[in-house]
1. Towards the positive end of the charge dipole of segment 1-158, with charges on Cβ (+1 Lys, Arg; -1 Asp, Glu), say which of PRO46, LEU106, SER155 has the farthest Cα.
2. With the cut-off at 1.5 for a/c, could you classify segment 441-507 from its C-alpha gyration tensor as rounded, prolate or oblate?
3. Quick one: work out the % antiparallel among DSSP beta bridges in the chain, nearest 5.
4. Cross-link list LYS176/LYS343; LYS228/LYS420; LYS145/LYS208; LYS110/LYS203; LYS113/LYS290; LYS34/LYS61: which exceed 31 angstrom alpha carbon to alpha carbon?
5. If a cysteine in the chain has no other Cys Cβ under 4.7 Å from its own Cβ, put it on the list, ordered by number.
6. Rank these for me by crowding, PHE310, PHE327, PHE59, going from fewest to most other beta carbons within 10 Å.
7. So what's the gap between the Cα centers of segment 382-440 and segment 16-58, to the nearest angstrom?
8. What is the packing order of peptides 432-441, 139-148, taking the mean over residues of other C-beta atoms within 10 Å and listing the highest first?
Amino acid sequence: MAVFLYLLSLGAKVLLLLLFFLFVAFLGFCVYIKHIHLKYDHIPGPPRDSFLLGHSPTFLKIMKNGGVIHDKFREWAEIYGPVYRINLLNYVLVSVTCPQATKEILMSSKYPKDKFTYGKLFHLFGQRFLGNGLATARDHELWYKQRRIMDPAFSTLYLRGLMGTFNERAEKLMDKLADAADDKAEVSMLQLVNCVTLDVIAKVAFGKDLDLMSYTSPLTKAIGLCLKGMVYHVRDNLFQLNPKNRPIINEVRDACRLLRKTGAEWLNNRKVAIQNGEDVPKDILTQILKTAAKEENMTEEEEEFMVDNFVTFFIAGQETTANQLGFCIMELGRHPEILEKVKKEVDDVIGMKQEISYDDLGKLIYLSQVLKETLRMYPTAPGTSRDLPEGLVIDGIHVPRGATCVFSSFVCGRMERFFKDPLTFDPDRFHPDAPKPYYCYYPFALGPRSCLGQNFAQMEAKVVMAKLLQRFDFTLVPGQTFGIVDTGTLRPKSAVVCSVRHRRYQD
């Protein structure tokens, strides 16, 4: 009995000691939070929801209600100006809409991508995701080595050679739409363009025929799950602590594993083909292996590094273009006068040709304007962020060293300060003779870290849209929302359901 009482007393002392240390740690964290406040509170910004959590409750409420966080960023930019502060626990973001500062920071290589956001994309809930691929590598030398190797796969000469594949895959979409038109069936244009863009990236980047117009693929679901998980992983620090979220966390981890396993298999198959002296395409897969060939002895980490780039290109090459096409079809359906104008251009340039050439794309000037205006209102990759290795004065406000600056093309694209009637869809903003937006329109980012595949994406989008406009009339089915879903990338909230009819040409 005495031993029991002694152990009980000892346990109580240990518990009290533990509680004391927890209290001291909490007190120390509060002191640190206060230090952060003192360091950044000279920068204007909205009132914090709480001392510890900062503005996190606001963001969690927006996410829970299916809202778009970038709408809140725009609202605050209108109230607090071109430089304002956002507090997330002990982390501070500085939102910047000042064009001069945007130019200075994004056009320079001395400002690395921010360690918090891009560090979080290395893993999703403990499972490696984008790792140190082109989009996430923070070290400039590491990034530059990859970019230099990948550049040939996105050269104009190589992109010209992709026109056959763009046409071929887009024809499969046209066949699907023709069947729907014959059956007088309604179709989800968002679902179909997701299929065609995944088909394209699988074929031209990795030499694989998925034929998603005829079959479904678990890869499609895996991409969606990873993007959904990415939002919660980056924006909700407490998401992983809630037991109710276990099922979705496990699904996301499985999706990551599937994408990386697929990448490893495709890479290995191509490596074997090269070793056997087989002819292989000069595509992204080959470029990834070229990077590896420069290393005499590949470590396990370097093998993972190749898979990082596979996942980066596979997701980025499909998701953003599909969403741009979905938004474009949605807006054309809402604006019949713009739809007729772009149809006339396609008729004049393409006529009845089935094969669209690279030179044809350059003549589709108004279609380019439509696609650019789509990205102004709906930049599918809405923003980027950079860490400041040294203090900087932006619009008269001193931003301390170590701050993270956030740049949102979505916010700038919807501000009256930069675009008159910003919520009106008007392709003439991008007329060749119109004034060029000055560092307030950057849907593919800017500077050395701008999107490597932007020309690829716009060529693909043009081919798909030109064929669609050439062959079909489409109208949006009534009752749909025209809202946005924020999944890290932005996508249409509705499925962009359309009635499709064959076009009737006058003799």
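Readers should treat all values here as calculations from the given coordinates under stated rules, not as data from a laboratory. Please read all numbers here as calculations on a predicted model, not as lab measurements. With ideal geometry, Cβ positions are generated from the backbone for all residues, glycine too; neighbour counts draw on all protein chains shown.
1. Selected residue: SER155.
2. oblate
3. Antiparallel bridges make up about 90 percent of those DSSP assigns within the chain.
4. Values: LYS176/LYS343 20 Å; LYS228/LYS420 33 Å; LYS145/LYS208 26 Å; LYS110/LYS203 36 Å; LYS113/LYS290 25 Å; LYS34/LYS61 24 Å.
Beyond 31 Å between Cα atoms: LYS228/LYS420; LYS110/LYS203.
5. CYS30, CYS98, CYS195, CYS226, CYS256, CYS328, CYS405, CYS451, CYS498
6. Going from sparsest to densest Cβ surroundings: PHE59, PHE310, PHE327.
7. Taking the Cα centre of each part, segment 382-440 and segment 16-58 sit 30 Å apart.
8. Order by mean packing, descending: 139-148, 432-441.
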